[in-house]
Structures are given as C-alpha cells and as structure tokens.
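For reference, the structure is listed below as structure tokens.
The values are calculated or read from the model by the stated rules, or taken from the named source; none is laboratory data. Please read these numbers as outputs of a predicted model, since none were measured by experiment. Cβ placement follows ideal geometry from the backbone for every residue including glycine, while neighbour counts extend to all protein chains displayed. Only protein heavy atoms, including side chains, enter the accessible area calculation; ligands, DNA and RNA are left aside. Shrake-Rupley method; radii C 1.70, N 1.55, O 1.52, S 1.80 Å.
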Amino acid sequence: MKAVYAAAVNNDNPLSALAVGDMPDPEPRPYWSKISVKAVTVNHHDLWSLRGVGLAAEQTPMILGTDAAGILDEDIPVRHGLKAGSEVVLYTFVGTDGAGVMPGERRTILSEKYAGTMADRTQVPSANVFAKPSNLTMVEAAALGTSWLTAYSLVFTAAGVKPGDTILVQGAGGGVSTAAIQLAHAAGLEVFVTSRSADKREKALALGADAAFETGARLPRKVDAVIESVGAATWSHSVKSVRPGGTIAVCGATTGDQPGAELTRVFFQDIRVQGNTMGSREDFARLLRFVEHVDLHPVVDSTFTGLESAPEAFARVVGGDIFGKVAISL
C-alpha cells in the first residue's frame, strides 16, 4: 500500500527524512480494526517525529499520521451500528486504558510504536473506532483526532472553565487554537485571542472570539484560564494575564520549551499549570457529540490531494503561515 513515512530522522532538515512509497499492509492484531483512510491532517507531532523527537532512528521507517477519517473495513463485534462500510473517525491514543494492548503498556500515539494513519489503510484498537459526525466531511472529521481533541481536553478538562468564564487563547491560527476558539465560543465562554497577524486576528473574531489582541498586549482584565501552545514566546504574557488562582493549560511549545518559569508569580498568585496531551477516549466521545449537536466545522486551511502531495502539505505546515488545519485527501 502507499504510505507517507519517516525514512530516517533529521533534526536540522526534517523534510529531508520524509518519504512517500510502498509499505506493508497492517498485520492483523486481535481486537484491532482496519480502516481504509480517506483523509488525514498534518500535525506538529509528525514534524517532531521527523526530527527524531519521540521516534528513534532505529524505529524507521515509520508511517506518520496521528489522526484520520475513513471507512471501516470489517464489522466490529458487539459494537452496535459500526459495520463494514461505516464512515468512522479514529481515537489514536493507544495504551491509555489497556484496550487492544498488553496490561501495563506505556501509552503512545500512533506513529510512535504502532504505524500511523498516513497510508491507504491503518488500524487501531476496535474500542478506538467511532462513527463520524454526520455534519462533517471526511476532511473536516480528520481534524478531530489530534487538534480538536487536544483543544477540547485543554478547555473543559485541563483548564476546568465554566460557561461565563473568560479564556485567553495564545497564537490564533494553529489547529489547536482555532479549535479552542470555536469550542469555547459554542460553550458560552468569553474568548480573548492573540496573534502577531492582523489577518489572523480578524479571522479569529469571525470564528467567535470576543476580542483579539497583538501578541503580548495588555488585556482589559485578567482571564480565568489561558490555552497555551506557543511556549517561550508567549509564556510570560500567559503568566501575567491569568487571574490569581487561575489556570494555564499547556499542550505544546512550538517556539521553544525553555521560557523563564516566573515561579514567584506562579506560587504567589496560586496559578495552576496543567499539562495536556490529546485527551481520554471519553473526552473524544463527548467531543464528537458536541461537534454534531451544535454543528461545528473544523477550519481547514488547505487540502492536498493524494498521499504523493504529502511533501507539499508538510512544507505548508513548516512555513507556519496557516489558519486551521492542513489536510490530505485520499
């Protein structure tokens, strides 16, 4: 089958380690299900893998991809409604609760230990297969598994905010930040966003943000929680912007993970810092119901056709000037 994979790892030039070609079909595994992939999106995790973060050179070649939407190849026993031919979306965190793996296995995201989703076919534990929300296209649904699940868990679990609270989303434009804006607005939160780009600030307002500011700008008032995925470039602003007793929910550090900690401000103002990687299977199920119920549609920056277009799609993400997700349609 055709696949997009890390042929090697290269921290200095990650795209040089990217390859498209034939790879073996997934080997059958007990209590796992195969899916014919119809759409995937490119995530920063894929770029980190190419750099060798979380993926050792001896593990290559490794099929990339941490989310997908597609068609279920075979019936799933005792799972009502999920039959061969069903349109599905995948939860790709493996080992979080033992489904489909040995007891005690360390949790991993597809493309770390098990082959990823950027291929004609992929497989996940059967418990990780969910019906695609009926209001979404395959490309839109492919955004849910990583960015949207992360945003949902950041806002409603890690940050623990409630309707009527105010949140700050740092760095409008990425998949997680655009999802957080849409989810928080739909749930009745007041949403502030930041961006260096005036165009992205305008787009964030159109998505439902209540106010948009230049990166680092003083806010009208302190917020109940900050959604932080940028890292070093915005960390100090996040610490200064959250109210005493508030929360900074962190899922990434695209500009570096070694900011000044500002520990005095953190402990003196009882600020809680909560890390988050994707989310639970239960969160994913709630996310799917929420997206369908309120008719939310993930923002797609651009869609490339065919796995052979993967180098262009990856280059688009590396360039950084995007708003929403970069997708590949099969």
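Observations
- Shape call, the range 181-330: gyration tensor on alpha carbons, a/c limit 1.5: prolate
- Neighbourhood charge, 15 Å Cβ-Cβ cut-off, centred on V9 and excluding it, Lys, Arg +1 and Asp, Glu -1: -3
- Contact order, relative form, for the chain: 18 percent (alpha carbon pairs under 8 Å, 6 or more residues apart, mean separation divided by residue count).
- Once C-alpha pairs closer than 8 Å and six or more residues apart are averaged by separation and normalised to the residue number of the range 159-275, the relative contact order reads 24 percent.
- With DNA, RNA and ligands ignored, accessible area of D257 (1.4 Å probe; Å², nearest 10): 110 Å²
- Largest-first ordering by accessible area, 1.4 Å probe, given options K132, K34: K34, K132
- Heavy atoms of R201 accessible to a 1.4 Å probe, total area in Å² rounded to 10: 40 Å²
- Reachable aspartates and glutamates, given that their alpha-carbon falls under 14 Å from the alpha-carbon of K203 and they are not under 8 places away in the same chain: E214, D301, D321
- Summed side-chain charge close to A172 - residues other than A172 whose Cβ falls under 12 Å, Lys, Arg +1, Asp, Glu -1: +1
- Protein-only accessible surface at a 1.4 angstrom probe places the residues K325, K83, K2 in the order K83, K2, K325, largest first.
- Only protein heavy atoms count here; under a 1.4 Å probe, M138 has an accessible surface of about 40 Å².
- Subset of K34/K132; K38/K162; K200/K222 violating a 25 Å alpha-carbon distance limit: K38/K162
- Lys, Arg +1 and Asp, Glu -1 on Cβ, resulting dipole of the chain about Cα centre, debye, nearest 20: 700 debye
- Counted charge near E140, where neighbours are those whose Cβ lies closer than 14 Å (Asp, Glu -1; Lys, Arg +1): -2
- Taking the protein heavy atoms of the range 1-101 in the context of the full set of protein chains, the accessible area attributed to carbon and sulfur is 51 percent at 1.4 Å.
- Rolling a 1.4 Å probe over the heavy atoms of the protein chains gives the chain an accessible area of 42 Å² per residue.
- Taking the Cα centre of the range 159-275 as origin and assigning +1 to Lys and Arg Cβ atoms and -1 to Asp and Glu Cβ atoms, the resulting dipole is close to 180 debye.
- Expressed as a whole percent, the accessible area of the range 258-330 that falls on carbon and sulfur atoms is 52 (1.4 Å probe).
- Here's the picture: charge each Lys and Arg Cβ at +1 and each Asp and Glu Cβ at -1 in the chain, and of H185, L18, P163 the one pushed furthest to the positive end of that dipole is P163.
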